[in-house]
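Please read the structure below before turning to the comments.
Since every read-out is calculated from the coordinates, none of them should be taken as a lab result. Computed from a prediction, not measured in an experiment: that's the story for all the values here. Note that we place each Cβ from the backbone using ideal geometry, even for glycine, and neighbour counts take in every protein chain shown.
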Amino acid sequence: MQTRIMILEDGFYWQHLLVKSLKPDGFHILNCQEAQQAKILLHQQPFHLALVALTHDPQGSSLDFVRFARVQQPGIGIVVISEQNKPIDRIVAIEMGADDYLASPLESRELMARLRRMSARFHHHRETSEKGCFLFSGFTLKKASRQLIWGQGRDVPLTRSEFDLLVFLLESGNDVVSRDTLTAAIRGRSCHACDRSVDTLISGLRYKLGLFNPDQRLIRTMRNAGYYMAASAQWVAPNRP
């Protein structure tokens, strides 16, 4: 399987370096210059690795992308490159979801070695991550078969968008997720002020979950911030043969 790498930077420096060093090994490399564009592409197709340059990002949109990528594709390997080498910068990047943090200037051979190692880890993760399930508040969500089951076997009918939305919220833990992030994840585009499609999906999902579990309001609203899953969810990995 070809390893796909996304590069988020405002130029093409790292793209040129990676194309020269990794393309002969079968790596496919795609460059994005804006975080929102990168989010949309990440929603549309799987990537094995993401290289995120923070060199010219005073607004912090690249770090927001790191958090989005970690939720959208939990097994992706994320390397952050920055001109800052203070402990607090490293801590923030790791807390956002980065696997590695490298301060520039850096040795290109070291970067290539780290990316190859992460690529091997990703392929192993993909073999198992889609086969597990989430358990929460009496429900079982099976990602591979795209099923939501209540209790001992009652199917909960969900649309494709409702299922994707529920998965995204569950994978976000109990963190608040903004409407813009949810729209980019579910629809593959940015959210406009007049766009209420996510609110409509949330309303429908709440209604369907409430039909089976009326005692708990599982999806809650944080005013002027977004939505979050109030229930505690447990991820159960498949048993190895």
DSSP beta bridges in the chain, what fraction antiparallel, as a percent rounded to 5? 50 percent
To the nearest 10 degrees, how steeply does helix 108-129 sit against the main Cα axis of the chain, on a 0 to 90 scale? 20 degrees
Residues I29, I76, I94 arranged by fewest to most Cβ contacts within 10 Å: I94, I29, I76
Between Q33 and F212, how many nm apart are label points set 7 Å from Cα along the C-beta direction? 4.7 nm
Listing R223, R146, R70 by rising number of other beta-carbon atoms within 10 angstrom, fewest first, gives R223, R146, R70
Helix 13-22 axis, angle to the chain major axis (alpha carbon atoms, nearest 10°): 90 degrees
Across the chain, how large is the tail of the calculated P(r) beyond 24 Å, expressed as a percent of all Cα pairs? 49 percent
Could you grab the relative contact order for the stretch 133-236? Cα pairs under 8 Å, six or more apart, rounded to a whole percent. 33 percent
Loop by DSSP (not H, G, I, E, B), at most 16 other beta-carbon atoms within 10 Å: where is the longest site-free stretch of the chain for GluC sites (Glu not before Pro)? 131-241
Can you compute 3J(HN,Hα) from phi for each residue in the stretch 28-37, using the Karplus curve 6.51 cos²θ - 1.76 cosθ + 1.60 with θ = phi - 60°, rounded to whole Hz and x for Gly and Pro? 9, 10, 10, 9, 10, 9, 10, 5, 5, 4
Once phi for every residue in the stretch 217-224 is put through the Karplus expression 6.51 cos²θ - 1.76 cosθ + 1.60 (θ = phi - 60°), the whole-Hz ³J(HN,Hα) values, with Gly and Pro written as x, are 8, 6, 10, 10, 9, 9, 3, 6
Expected max-MSF residue from Y228, Y101, Y13 in the GNM of the chain (alpha carbon, under 10 Å) is Y13
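Residue separation times 0.36 nm, minus the C-alpha to C-alpha distance between Q234 and A113: what's the value? Write out the running numbers ahead of the final one.
Values: separation 121, 0.36 × 121 = 43.56 nm, distance 3.38 nm.
Using 0.36 nm per residue and subtracting the Cα-Cα distance, I get 40.2 nm.
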Could you put S108, S232, S161 in order, starting from the residue whose Cβ has the fewest other Cβ atoms within 10 Å? S232, S108, S161
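Compute the relative contact order of the chain as a whole-number percentage, counting only Cα pairs closer than 8 Å that sit 6 or more residues apart in sequence. Each step should come with its number before you reach the end.
Values: 378 pairs, mean separation 39.6, N = 241.
Result for the chain is 16 percent.
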Running a GNM on the chain with Cα contacts under 10 Å, which residue among T140, T159, T183 ends up with the highest mean-square fluctuation? T159
Given the options M112, M222, M96, state which has the largest fluctuation in a GNM of the chain using a 10 Å cut-off (strictly under) for Cα springs. M222
For a test of the definition: using alpha carbon positions, the gyration tensor, and the 1.5 limit on a/c, classify the stretch 133-236 as rounded, prolate or oblate. prolate
Per the helix-only calculation at 222 nm, which mean residue ellipticity applies to the chain, given -39500 (n - 2.57) for every DSSP H run of n ≥ 4 and division by its residues, nearest 500 deg cm²/dmol? -13000 deg cm²/dmol
Using only C-alpha atoms and all pairs of different ones, pull out the Kirkwood radius for the stretch 1-76 in Å with one decimal. 12.5 Å
